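See structure below.
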Amino acid sequence: MLIEHEGRRPQVADSAYVAPTAVLCGDVRVGADSRILFGAVLTAETGTIAVGERCIVMENALLRPRVAA
């Protein structure tokens, strides 16, 4: 599921795979040939998440960007 947040929508390369139960929210970028597996949640409400090329985010992983204090 791709969710827009404050005008920022996930960008997924054409050759990447996002499982139907994964959630990408906000400024999330997924590179070529990468895989976001089942139940993974990538939530970029306060920053950016960039998954490079040929990376795998495993099942049920939670990724959130760190916000500078």
| query | Out of all the residues in the stretch 1-18, which are over 13 Å from Leu42 (Cβ atoms) and either among the polar types (S, T, N, Q) or exposed (fewer than 14 other Cβ atoms within 10 Å of the Cβ) (or both)? | reply | Glu4, Glu6, Gly7, Asp14, Ser15
| remark: Reported set for the stretch 19-51 where residues are of a type outside the set (D, E, K, R), over 15 Å from Leu62 (Cβ atoms) and in contact with a Lys or Arg (Cβ under 8 Å, 6 or more places away or on another chain) is Gly31, Ala32, Ser34, Thr48, Ala50
| Can you find a residue in the stretch 41-55 that is basic (Lys, Arg) and within 18 Å of Glu4 (Cα to Cα)? | no
| request: Could you please let me know if Arg35 is surrounded by 16 or more Cβ atoms within 10 Å (Cβ to Cβ) and modelled with pLDDT of 95 or more? | output: yes
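The values are calculated or read from the model by the stated rules, or taken from the named source; none is laboratory data. All values reported here derive from a predicted model rather than from experimental measurement. Using ideal geometry, Cβ is built from the backbone for each residue, glycine included, and neighbour counts are taken over all protein chains shown.
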